[in-house]
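A short worksheet on the structure shown next.
The values are calculated or read from the model by the stated rules, or taken from the named source; none is laboratory data. The structure displayed is predicted, hence computed values, not measured ones. No Cβ is skipped: glycine too gets one built from the backbone with ideal geometry, and neighbour counts run over all protein chains shown.
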Amino acid sequence: MSRPRAATPRNPRSPLSGRCAATVSLLVLAAAALSPAGAQLSRSGDLLEGIVAVVNDGVVLKSELEQELAAVRANIRAQGLRSPPSGMLRTQVLERLVLREIQMQRAQRMGIDISDEQVNRALEFVAQQNNVRLGDLPEALAEQGFEYARYREELRSQMVLDTLRQRDVVARVFLNPREVDDFLRGAEGEAGANREYSVSHILIGVPLNATARQRDAARERAEKLRQRVLDGENFAELAIAYSEAQNALQGGSLGFRKRNALPTAFVAHVTQLEPGELAELITTGSGVHVVRLDEVRGGEPIIQEQWELRHILLQPNEIRDSDATRSELADIRDQIVAGESFAAMARAYSADPGSASEGGVLGWVSPQDLDPDFAAAVAELEDDELSQPIRSSFGWHIAQRSGARMQDVSDEVRRQRAALSLRERKVQEETQLWLQRLRAEAFVEYKQ
């Protein structure tokens, strides 16, 4: 296997683990939908449930809207922001639920289904990230006011949406290595390329086939919002109230990003701003943006510890369980200790196709690019020491560390991050256009 590249998906047979773009946390993802045949009445005739929007052949229920509104208001309060007027926030949240319903319907038509086993694995990850045992997760959620059954189903729904986005958008986005080369020869190759920029934006969208009048109207609205920010109004509160971007309810924040991870149209403007300054209005295919640079950090060389490694991987299968796999690997280790060639044994037995053909060689790798359990065991080895069998999320390994060094990996990391970020930039831009297309093609009727 070649040295790990952050821009490529993690090899499922390798101990190398890529960094996730996002982590799952104990948050309410969205209100779980009820499914009555229609509006329900109490014995006194009071309306208990109702439909607030018809979306193609589905609906958004009043209970969903109220639950989501409560969650959004709680999040706004937690950020110390002032909530926009009730009607305005209701419109924003309802539109988000409509868009979610459109996506869920498309996922159903495409036959996307998330099994209980997949949900269980995701819950194990949630528990691990929050340092609790899986069995204690329901109690931990309850302490934060979340019902476990509802959380589980909302996690399943989010996984459905992620799978849909993967098929409809991510799988269709391709990055030519020449694009990375060109970028590195340009802005990314300049001094300060490791800087990260915290950026917020407000999007005033335009239809896909907008007329000149519609584009002018959007620009006029954006200019008024920009002026309100300049006059001292809170940017995040205006984003929550008016932005049509997917991160509107997060105050429009994109978080810290490398220059090459910023939306393409933002880069030239943002890199010329001082923190707190607004760019001139920026027009993209999705609309007109009010953009502010919030903060800048970083720019220092990237020095990382690296290990020179080789390994042999065996994986359990239908006829060999985990214990038997470990035992077989221990036998291979004994043969190597007795004089057999590590490289020959790796070529003959290792289940990692990338490194097996190279005699098990992984080359110089950084600990943070490795499976955590694998890295922890390797960290205990002396140079040239052959490990005992190591269990990781990929199976059982034996490993040998030939050396360690502190290395300036700025160029390598810069290229990895450039490739990963350029791809993510494309995905973000295509996702916004994809959502606009889905929304434009859907039948939506608001009931109140």
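Going by the conditions given, is THR264 outside the structural domain of LEU97 (by TED's automatic domain parsing), within 20 Å of THR431 (Cα to Cα) and among the polar types (S, T, N, Q)? When the stated conditions are applied, THR264 passes them.
None of ARG100, ARG152, ARG109 is of a type in the set (Lys, Arg), in the same structural domain as ASP57 (by TED's automatic domain parsing) and either farther than 30 Å from VAL55 by Cα or surrounded by fewer than 18 Cβ atoms within 10 Å (Cβ to Cβ) (or both) except ARG109. Being under 24 Å from THR431 (Cβ atoms) and hydroxyl-bearing (Ser, Thr, Tyr) is a property that SER157 has. Of the residues making up the range 97-118, those that are touching a Ser or Thr at 6+ places or on another chain (Cβ under 9 Å) and in a helix (DSSP H, G or I) are ARG100, MET104, ALA107. Just one residue in the set VAL173, VAL206 is surrounded by 12 or more Cβ atoms within 10 Å (Cβ to Cβ), within 22 Å of the chain's Cα centre (by Cα) and modelled with pLDDT under 95; that residue is VAL173. Once the range 140-149 is narrowed to residues that are in a loop (DSSP other than H, G, I, E, B) and at negative phi, the residue that is surrounded by the fewest Cβ atoms within 10 Å (Cβ to Cβ) is GLN144.
Those helices (runs of 4 or more DSSP H) of the range 288-363 in which at least 2 residues are in contact (Cβ under 8 Å) with a residue 60 or more places away in the chain, considering only elements entirely within it, cover 322-337, 353-356. Of the residues VAL93, VAL180, VAL126, the single one that is at pLDDT below 95, buried (at least 16 other Cβ atoms within 10 Å of the Cβ) and farther than 26 Å from SER63 by Cβ is VAL180. Can you confirm whether ARG121 is assigned to a helix (DSSP H, G or I), among the basic types (Lys, Arg) and surrounded by 14 or more Cβ atoms within 10 Å (Cβ to Cβ)? So ARG121 does not fit the description; no. Here GLN304 clears all of (1) at pLDDT below 85; (2) in contact with a His (Cβ under 8 Å, 6 or more places away or on another chain); (3) not hydrophobic (A, V, I, L, M, F, W, C) except the condition numbered (2). For the range 384-418, the set of residues classified as surrounded by 15 or more Cβ atoms within 10 Å (Cβ to Cβ), closer than 20 Å to PRO301 by Cβ and not hydroxyl-bearing (Ser, Thr, Tyr) consists of ALA404, VAL409, GLU412, VAL413, ARG414, ARG415, GLN416, ARG417, ALA418, listed by residue number. Of the residues making up the range 287-321, those that are surrounded by fewer than 16 Cβ atoms within 10 Å (Cβ to Cβ) and touching a Pro at 6+ places or on another chain (Cβ under 8 Å) are GLU295, GLU305. Here the range 250-281 is the region considered, the condition is being within 17 Å of the chain's Cα centre (by Cα) and either in a helix (DSSP H, G or I) or among the polar types (S, T, N, Q) (or both), and the residue that is surrounded by the fewest Cβ atoms within 10 Å (Cβ to Cβ) is SER253.
Here is a yes/no grid of residues against (1) out of contact with any helix residue (DSSP H, G or I) (no Cβ under 8 Å at 6 or more places or on another chain); (2) at pLDDT below 90; (3) not assigned by TED's automatic domain parsing to the domain that holds ALA245:
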position	(1), (2), (3)
PRO389	no, no, yes
ALA399	no, no, yes
GLU424	no, yes, no
GLN428	yes, yes, no
THR431	no, no, no
GLN436	yes, no, no
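One residue stands out among those in the range 331-341 that are surrounded by fewer than 15 Cβ atoms within 10 Å (Cβ to Cβ) and among the hydrophobic types (A, V, I, L, M, F, W, C): the one that is nearest to the chain's Cα centre (by Cα), which is VAL337.
Working only within the range 367-383, note down all residues that are closer than 15 Å to GLY395 by Cα and assigned to a loop (DSSP other than H, G, I, E, B). Once the filter is applied, which keeps residues that are closer than 15 Å to GLY395 by Cα and assigned to a loop (DSSP other than H, G, I, E, B), the range 367-383 yields only ASP371. From the list LEU89, LEU97, the lone residue that is of a type outside the set (Asp, Glu), under 18 Å from VAL72 (Cα atoms) and touching a strand residue (DSSP E or B) at 6+ places or on another chain (Cβ under 7 Å) is LEU97. Applying the criterion of at least 3 residues that are in contact (Cβ under 8 Å) with a residue 60 or more places away in the chain and under 30 Å from LEU314 (Cβ atoms) to the strands (runs of 3 or more DSSP E) found wholly in the range 384-448 leaves 395-408.
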